[in-house]
Amino acid sequence: MNLSIIGSGYVGTTVAACFADLGHDVVNIDIDESVVETINAGDAPIHEEGLSELIAEHAGPNGSGRLRATTDYAAVRDTEVTFLCLPTPQNDDGSIDLSIMEAGASQLGETLADAPGWHTVVVKSTVVPGSTADTITPILERESGKTAGEDFGVGMNPEFLREGTAVHDFLSPDKVVLGADDDRALEDMRAVFDPLVQAADAPVVETDTRTAEMIKYANNGFLAAKVSLINDLGNICKELGVDAYEVADAIGLDDRISAQFLQSGVGWGGSCFPKDTRAIISAAEATGYEPAVLNAAVEVNDRQPARLVALLAEHLEGEFEGAEIAVLGLAFKPGTDDMRNSRAIPVIDDLQERGATVTAYDPVAADNAPNYVDDVTYADSAAGALDGADGAVVVTDWDEFAALDAEFDAMATPIVVDGRRVIERRDGITYEGLTW
Ligand SMILES: NC(=O)C1=CN([C@@H]2O[C@H](COP(=O)(O)OP(=O)(O)OC[C@H]3O[C@@H](n4cnc5c(N)ncnc54)[C@H](O)[C@@H]3O)[C@@H](O)[C@H]2O)C=CC1
Ligand SMILES: O=C(O)[C@H]1O[C@H](OP(=O)(O)OP(=O)(O)OC[C@H]2O[C@@H](n3ccc(=O)[nH]c3=O)[C@H](O)[C@@H]2O)[C@H](O)[C@@H](O)[C@@H]1O
């Protein structure tokens, strides 16, 4: 099929390249010319394992020709289905900011005014229940002068990929959710996803757009709350002298709980869990309902960075003034340079407020870090950050930190507070785990 994908970020680029690989003809539309040029040169505009190979195979001078990019929305008219993969950030009060979606829908609607025949528009961005039917569809109707369900179809297809494993996650989904408010849109979505569903043998959930939107928030809310619950239990373990990881290993054997997302520590960050939990809390509160568990999940998450620094404070006897502290890890999780809502940010802020100077090391996120934290010295290696430090905190579970050993000997005072359970306890260091 001929597909257009509007927005070529983490989701849009991955989805476009994967659909091209599954046999569709795909055009990526983005307002950022550098993104468009990069794709058309056969390169990936973002760092994701396996993505540059897929783009080289299908875009650029040596590609199959099944993937190209443009800044021109007119390309939509040569396609049958359009996916909206635009950002859905949050307002200051935590509620969803739909302005970028509205701008994209408006341009798309104008383009559809002159499009021949039927076209299906699919919202792939994460949007609160009702956004597709109550906000996006009316804009498409107004700008195109056409009627949804008669002249064009509207669907909602939430995305569950994770950063760092985006290509793998998209091509091997646990489920495909197809939300549609008319039969023809649903048929188009089935046809688009058929090659993926066949190849991955993935279960398909067919529903309406409102439910599809809620499934996405329920998925992220559940996972965020699961991590916060294991962190809450982990904090109790720490206070009572129990190892939370031993406990998690045991409860994870219960199929009803499962072993995934039971790693306790300094908490969740990234571009989605924090924004999506707040957006659905805000949507719930707007109805008059107080989502007590999700609010608690956010509260526990907000506490973990301060608990990490407090543990270090105990060992330094509160003497942070003039202390040099090594921060190992800056990215919100390993495998990415993304620092959005990384737990490193509140940890570093807290250390600096208490008077410490911070030297940080991250294998890939250091270039990005100055956008999020100030007055930090960046080391080229973990050894460089630890050299002469009065204490160290571990914020991101990069594999390479597990191999650290003699590097701790170069610390002025070898105190290590681990927020991710990556460092081996060893003789010669004072080791403190956040939940063990
Ligand atoms: N990043 C992730 O891992 C996941 C994100 N999502 C959701 O997917 C949506 C998109 O997120 P990301 O891909 O991370 O965003 P992103 O910020 O990485 O990329 C968005 C792209 O849209 C482009 N853009 C902005 N306005 C535009 C316009 N009017 N027309 C055309 N292009 C425009 C930007 O230049 C950028 O390249 C969000 O709703 C997010 O919550 C869902 C699952 C996973
Ligand atoms: O909506 C989204 O954008 C995506 O959000 C998350 O994906 P992502 O944010 O890329 O990363 P995760 O691997 O889920 O990790 C999120 C945070 O939770 C933390 N985490 C995760 C698991 C765990 O056991 N413990 C833990 O602290 C990670 O360190 C990280 O900070 C979801 O896992 C995806 O399904 C979803 O599509």
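The values are calculated or read from the model by the stated rules, or taken from the named source; none is laboratory data. Every value quoted in this text rests on a predicted model; they were computed, and no experiment measured them. Neighbour counts run over all protein chains shown; Cβ positions are idealised from the backbone, glycine included.
This table checks each residue for (1) among the small types (Gly, Ala, Ser); (2) farther than 22 Å from Ala166 by Cβ.
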position	(1), (2)
Glu33	no, yes
Gly42	yes, no
Glu48	no, no
Ala56	yes, no
Thr88	no, no
Asp93	no, yes
Glu102	no, yes
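Could you check, for segment 378-395, whether at least one of its residues is under 25 Å from the mean Cα position of the chain (by Cα), away from ligand 2 (no atom under 16 Å from the Cβ) and under 22 Å from Pro305 (Cα atoms)?
yes
Just to confirm my filter: which helices (runs of 4 or more DSSP H) fall fully inside segment 116-228 and include at least 3 residues that are at pLDDT 95 or above and farther than 23 Å from Phe332 by Cα?
Numbers: elements: 137-144, 166-171, 183-200.
Where helices (runs of 4 or more DSSP H) fall fully within segment 116-228 and carry at least 3 residues being at pLDDT 95 or above and farther than 23 Å from Phe332 by Cα, they are 137-144, 183-200.
Would you say Asp302 is near ligand 2 (Cβ under 9 Å from one of its atoms) and either touching a Leu at 6+ places or on another chain (Cβ under 8 Å) or of a type in the set (Asp, Glu) (or both)? Working first, answer last.
Working: near ligand 2 (Cβ under 9 Å from one of its atoms): no; either touching a Leu at 6+ places or on another chain (Cβ under 8 Å) or of a type in the set (Asp, Glu) (or both): yes.
So Asp302 does not fit the description; no.
Within segment 326-353, work out how many residues are in contact with a strand residue (DSSP E or B) (Cβ under 9 Å, 6 or more places away or on another chain) and not in a loop (DSSP other than H, G, I, E, B). Steps first, please.
Filtering segment 326-353 down to residues in contact with a strand residue (DSSP E or B) (Cβ under 9 Å, 6 or more places away or on another chain) leaves 326-330, 344, 347-348, 351-352.
Right, trim to not in a loop (DSSP other than H, G, I, E, B) and you get 326-328, 344, 347-348, 351-352.
Number satisfying all stated conditions: 8.
Considering each of Arg307, Arg278 in turn, give the residue that is over 30 Å from Leu98 (Cβ atoms), at pLDDT 95 or above and of a type in the set (Lys, Arg). Write out each step before concluding.
On the way: Arg278 fails: over 30 Å from Leu98 (Cβ atoms).
Going through Arg307, Arg278 in turn, just one is over 30 Å from Leu98 (Cβ atoms), at pLDDT 95 or above and of a type in the set (Lys, Arg): Arg307.
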Q.
Can you say whether Val227 is farther than 21 Å from Val177 by Cα, β-branched (Val, Ile, Thr), touching a residue at least 12 places away in the same chain (Cβ under 8 Å) and within 12 Å of ligand 2 (Cβ to nearest atom), as far as the supplied structure shows?
A. yes
Q: Find all pairs meeting these conditions: Cβ atoms under 7 angstrom apart; at least six residues apart or on different chains; first residue within segment 73-93 and of a type in the set (Gly, Ala, Ser); second residue more than 9 Å from ligand 1 (Cβ to nearest atom) and modelled with pLDDT of 95 or more.
A: Ala74/Thr111; Ala75/Ser4; Ala75/Val27
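Only one of Ala412, Ala365, Ala389 is among the small types (Gly, Ala, Ser), within 17 Å of Gly269 (Cα to Cα) and part of a loop (DSSP other than H, G, I, E, B). Can you tell me which? Give the derivation first.
Details: Ala412 fails: within 17 Å of Gly269 (Cα to Cα); Ala389 fails: within 17 Å of Gly269 (Cα to Cα).
Answer to the check: Ala365.
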Q | Inter-residue pairs, beta-carbon under 8 Å, first more than 12 Å from Leu108 (Cα to Cα) and in segment 120-147, second at pLDDT below 95 and assigned to a helix (DSSP H, G or I), 6+ apart | A | none
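Of everything in segment 30-49, what is within 21 Å of the chain's Cα centre (by Cα) and at pLDDT 95 or above? Give them in sequence order. Please lay out each step first, then the result.
Taking segment 30-49 as the starting set, the residues that turn out to be within 21 Å of the chain's Cα centre (by Cα) are 30, 32, 35, 44-49.
Asp30, Asp32, Val35, Ala44, listed by residue number.
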(Q) Looking at (1) at pLDDT below 95; (2) buried (at least 23 other Cβ atoms within 10 Å of the Cβ); (3) among the β-branched types (Val, Ile, Thr), which one does Val347 not meet, given that it meets all the others? (A) (1)
Q | Wholly within segment 1-107, helices (runs of 4 or more DSSP H) carrying at least 3 residues that are surrounded by fewer than 21 Cβ atoms within 10 Å (Cβ to Cβ) and more than 14 Å from ligand 1 (Cβ to nearest atom) | A | 51-58
